[in-house]
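The structure appears below as structure tokens.
The values are calculated or read from the model by the stated rules, or taken from the named source; none is laboratory data. Computed from a predicted structure; not experimentally measured. So basically every Cβ, Gly included, is an ideal-geometry build from the backbone, and we count neighbours across all protein chains shown. Side chains are part of the model used for accessible areas, which takes the heavy atoms of the whole protein and leaves out ligands, DNA and RNA. Shrake-Rupley method; radii C 1.70, N 1.55, O 1.52, S 1.80 Å.
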Amino acid sequence: MKGEGGDRDGDEALDYDALARRYAEERAKRLRPDAVRQYQGLEGAFADFDTDPNARQDFDRKPVERDADVLIIGGGYGGLLTAAQLRKRDVGDIVVVEKGADFGGTWYWNRYPGIRCDVESYIYVPLLEETGFVPSERYAKGAEIQQQCRLIAEKFGLYRDALFQTLARTVTWSDAAQRWIVTTDRGDTVRARFVVAATGLYSSPKLPGIPGIETFEGPSFHTSRWDYGFTGGDADGELTGLADKAVGIIGTGSTGIQCVPPVARSARHLYLFQRTPASVDVRGNRPTDEEWFRSQEPGWQRERMMNFTQWTSGLPQAVDLVADSMTDLFREKSLSAGIAMAPDERERAEIAKMERVRQRVDAIVQDRATAEALKPYFHYFCKRPGFSDNYLQVFNRPNVTLVDTAGRGVEQVTRRGLVVAGEEYALDCIIYATGFDFMTSFTQESGLVVTGRGGRALDEKWSNGAHTLFGMQTREFPNLFVLSIVQAGTSINYLHTADAQSVYMAELITHCLDQDIATVEPTQEAEAAWVDQCVALSADRLAFFEKCTPSYFNFEGARPREFELNSPYGGGPLAYFEALEECIEGGFSDRLELRR
Ligand code: NDP
């Protein structure tokens, strides 16, 4: 097979040893002693980067003082799914505290041009059967995905008690009241029986610690705070404000490859600053066939989600319902056995896959030197795989320059622009597509100060990494749930994991409310056993990531002690879902201490 998809027949001829050496060299070029410390958050000197272009700046309201059965921190999909599952079980008294001015979470903040989901929308966008929403395309635009968030909130009556443009600050357990006392930056106090911290996986944007970053005199912003006031246009592109501008984008991850094409079409000139090339495979987006969509039988969405997670967990099924570039990887015989495969076999399969991605670059990009610079040399799963049918094509445009930094990154930011290899590129605007803090520290990423029984700080309990049952609950912090993928089994489709977690939480909370159970927390033994299991099962993953090029997946190539504990559950999503279901079916008491 030849063409855009690469040459599968040529895999046998690959020099695997030479490529493995090249991967190791490329990794070595990118390792830095400051690892995750090379980045900084949008605070302190960079607080200006954190203004919300979609919020009312004059928003004001009186502080709220009230009780609630459940307080949910975060109005993204994690919080919405949990609230929806609770409402389905007739839990009425729910308050959502949300930093943004509306529901949406990731999809509220990220409105950059070109934004879409990278997992098929029919399995990514949850509760489609409940709201009747039909995504217009297979990989839906961000605005549609946020629209579904609003529909869920409306359908389940969540607007009435939502506190928007509000940051939860302290979450403190009161043994006397048997409640969490939650305070916010607007002076609110909510006394809640249960707290769900659904603060998101990608909610803490980061900027690179490039010397001089504060000196640039033109506009600059992070992709999750896109400034349409400056660029003009909207998420569909046509950024009319850039027609006479030289724009610099730093970052070629999943966000970079989505926002580069619309900026390239609109700007006078685009300079894309690349440290590591992305792997970019075929996307194949297409409009939704409404007839097909409406002909689906009830329960179809969960079935489709499960089918995708089974395939992408290395468990081939009779039928591949999604059948896209993502499941295609696992349909290839070599990779479908990947999860259980011997490490060297898996390595060869991934090298072969990446070779086809490199061949695709050659098939599309005309300038040879640019094509060479765009070829990724790392194992396919070291980073989240990218898919696009218009990213590589932009490098054939005369108004686009790839500034490859040979793995070193941008050297300096000046008043006028960016410096690479001693050369200054004069720019009217700098856009940082540089990602988010990820699985580093829950308290740091969420900004919450959580204090449990006896004044125990969560920060302190998790100072060497998370200690949880199912990634959601932790002893000494009764009635608290944290929604993340740390110590949780994660599907490539994160919304499948969030769906399973929301059902678990809703079942447990409803059980407690119905049975007058005042507090619930993991038993000592259950928590220790889950942590031990997570550590034992993380060995393969850690060994794999030790060979990977640096990224947020592997703490930028460092191996801090927390890595073992702050990893996803190594048994995979299917075993994780089973453990949750077993716990629900067993009435919870095997692993949890339930007190009246
Ligand atoms: P990433 O962390 O994946 O990418 C950050 C980029 O910034 C990398 O290319 C990185 O280079 C580059 N970078 C950082 N510092 C420098 C520097 N000093 N000089 C030059 N380049 C630098 O962030 P993204 O926002 O792209 O993606 C984060 C995650 O969000 C994704 O992995 C995905 O899970 C999710 N996402 C999902 C989407 C969807 O569903 N549609 C869309 C977008 C994101 P290097 O690679 O060398 O570190």
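Once segment 254-270 is narrowed to residues that are part of a helix (DSSP H, G or I) and of a type in the set (Gly, Ala, Ser), the residue that is most open to solvent (accessible area, probe 1.4 Å) is Ser254. Number of residues in segment 226-253 that are crowded, with 19+ Cβ neighbours inside 10 Å and within 16 Å of the ligand (Cβ to nearest atom) equals 9.
So that you can scan it fast, the table gives a plain yes or no per residue for (1) modelled with pLDDT of 90 or more; (2) buried (at least 16 other Cβ atoms within 10 Å of the Cβ):
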{"position": "Gly5", "(1), (2)": "no, yes"}
{"position": "Ala13", "(1), (2)": "no, no"}
{"position": "Ala18", "(1), (2)": "yes, no"}
{"position": "Arg22", "(1), (2)": "yes, no"}
{"position": "Phe46", "(1), (2)": "no, yes"}
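For segment 181-197, a tally of residues being within 26 Å of the chain's Cα centre (by Cα) and open to solvent by 10 Å² or more (accessible area, probe 1.4 Å) returns 2.
If you go through segment 200-211 and pick out every residue that is open to solvent by less than 30 Å² (accessible area, probe 1.4 Å) and in contact with a Ser or Thr (Cβ under 7 Å, 6 or more places away or on another chain), you end up with 5.
One residue alone among Ser502, Ser491, Ser484 is over 26 Å from Ile181 (Cβ atoms) and in contact (Cβ under 8 Å) with a residue 40 or more places away in the chain, and that residue is Ser491.
Every listed requirement among (1) within 16 Å of the ligand (Cβ to nearest atom); (2) assigned to a loop (DSSP other than H, G, I, E, B) is met by Gly78 save one, (2). The single residue among Gly251, Gly212 that is on the phi > 0 side of the Ramachandran plot and in contact with a strand residue (DSSP E or B) (Cβ under 6 Å, 6 or more places away or on another chain) turns out to be Gly212.
Annotation: of all residues in segment 372-430 being assigned to a loop (DSSP other than H, G, I, E, B) and free of Cβ contacts under 8 Å to residues at least 12 places away in the same chain, the one that is least open to solvent (accessible area, probe 1.4 Å) is Gly422. Scanning segment 212-225 for residues that are open to solvent by less than 40 Å² (accessible area, probe 1.4 Å) and within 16 Å of the ligand (Cβ to nearest atom) turns up Gly212, Ile213, Phe216, Ser220, Phe221, His222, Thr223, Ser224, Arg225.
For Glu217, are the conditions met, namely being of a type in the set (Asp, Glu) and assigned to a loop (DSSP other than H, G, I, E, B)? Spelling it out, Glu217 is indeed of a type in the set (Asp, Glu) and assigned to a loop (DSSP other than H, G, I, E, B). Conditions: (1) within 16 Å of the ligand (Cβ to nearest atom); (2) farther than 30 Å from Ala318 by Cα; (3) open to solvent by 10 Å² or more (accessible area, probe 1.4 Å). Asn285 meets all but one. Number of the miss? Every condition holds for Asn285 apart from (2). Of the residues making up segment 380-405, those that are within 12 Å of the ligand (Cβ to nearest atom), touching a Lys or Arg at 6+ places or on another chain (Cβ under 7 Å) and not aromatic (Phe, Trp, Tyr) are Ser388, Thr405.
Checking the stated criteria, Leu513 turns out not to satisfy the condition of being open to solvent by less than 30 Å² (accessible area, probe 1.4 Å) and at pLDDT 95 or above.
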